[in-house]
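> There's a structure below that I have some questions on.
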Amino acid sequence: MKKRFILLITVLSATFFLYAKSVEITFEFADGERLVKEYDDMKTALVIWTGDSDNCIPSKELTNIAGLENWEMLQAIEWYGIRYYGDWSFLKDIKNLKGIFVSYFRGKSLRFLEDLSDLEYIELKVSIDKKDSEEFEKEAVDLSKLTKIQKISIRANYFEKNTHSDNRLTRIPNFINVQNRPALDINNNHIKKLTRYDKKLLRQYSKVYLYSNPLSADKEKVEKELKGIEFVW
């Protein structure tokens, strides 16, 4: 019996290595460098950050990423500190993308989310210039295609050159036609009050995290006006 077990393990291991393969992802940078990295296509998450080790990409501006559409098992993107200012629509080429986690998101629009219909989790730490923040917060993003969404987390820091200012998200994210009544995490922002439109947006969610926002001072009033939503302060 022991010999049969060892033989079975040997056969399974050989089969795994026979069918296991890598996928090539190409990173292109503003200075013209082109970096090709191989990843195990049996993994379900791409985790990338900047640094000097083999697991990292260079700490400089990224202009393009290609090859993700060939990664059949890919379900999640985790992106830490990458300097990318371009269009995020490339994510729609990933067939089964269920989660995106980006720190720091440097794009000026979240409209790319509209076509990611399999998403279940969104976590974005936004880091953009303060002069672009008003337009960023006003832009409506239609999430009607995201029928599986379970949780959305948004934090923002709007920077100003040569200052150490603390400018954070000031209003409820302008997501419209939200499906499935997910949770909304907007902890650690700078939301002071709710407009009538903000309240309409909040009614799309089953649970709202508002810890460390000035609005906490009016939590009793907010909970009274928005019954049916679980608030976490």
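Here, each number is a calculation from the coordinates, and none is a lab measurement. Since this is a predicted model, take the numbers as computed values, not measurements. Glycine also receives a Cβ, built like all others from the backbone with ideal geometry; neighbour counts cover every protein chain displayed.
> As I understand it, the value is the acute angle between the Cα axis of helix 2-19 and the longest principal axis of the Cα atoms of the chain; what does it come to in degrees, rounded to 10?
Computed tilt is about 70 degrees.
> Let me ask something else about it. Report the full-extension gain for the segment Ala66 to Asp41: residue separation times 0.36 nm, less the Cα-Cα distance, to one decimal in nm.
Numbers: separation 25, 0.36 × 25 = 9.00 nm, distance 1.46 nm.
Computed gain between Ala66 and Asp41 is 7.5 nm.
> Same structure, new question: Please report the orientation-averaged projected area of the chain, defined via the convex hull of its C-alpha atoms, in nm².
That works out to 17.2 nm², a quarter of the Cα hull's surface.
> State the answer as a single residue: which of Leu119, Tyr39, Phe105 lies farthest towards the positive end of the charge dipole of the chain, with beta carbon charges of +1 for Lys and Arg and -1 for Asp and Glu, about the Cα centre.
With unit charges placed on the Cβ atoms, the residue in question is Leu119.
> What pairs in Lys43/Lys108; Lys98/Lys130; Lys130/Lys207; Lys199/Lys227; Lys131/Lys151; Lys98/Lys207 have C-alpha atoms more than 22 Å from each other?
Over 22 Å apart, Cα to Cα: Lys43/Lys108; Lys98/Lys130; Lys130/Lys207; Lys131/Lys151.
> Between Glu135, Glu72, Glu114, which gets the highest mean-square fluctuation from a Gaussian network model of the chain, Cα cutoff 10 Å?
Glu135
> For the chain, calculate the relative contact order in percent as a whole number, restricting contacts to Cα pairs under 8 Å that are 6 or more residues apart.
Dividing the mean separation by the residue count of the chain yields 11 percent.
> Here is a follow-up. At 222 nm, what value in deg cm²/dmol follows for the chain if DSSP H runs of at least 4 each add -39500 (n - 2.57) and the sum is divided by all its residues, to the nearest 500?
Computed ellipticity for the chain at 222 nm equals -4500 deg cm²/dmol.
> Also, quick follow-up: Highest GNM mean-square fluctuation, the chain, Cα pairs closer than 10 Å: which of Arg83, Arg168, Arg196?
Judging by the Gaussian network model, the answer is Arg196.
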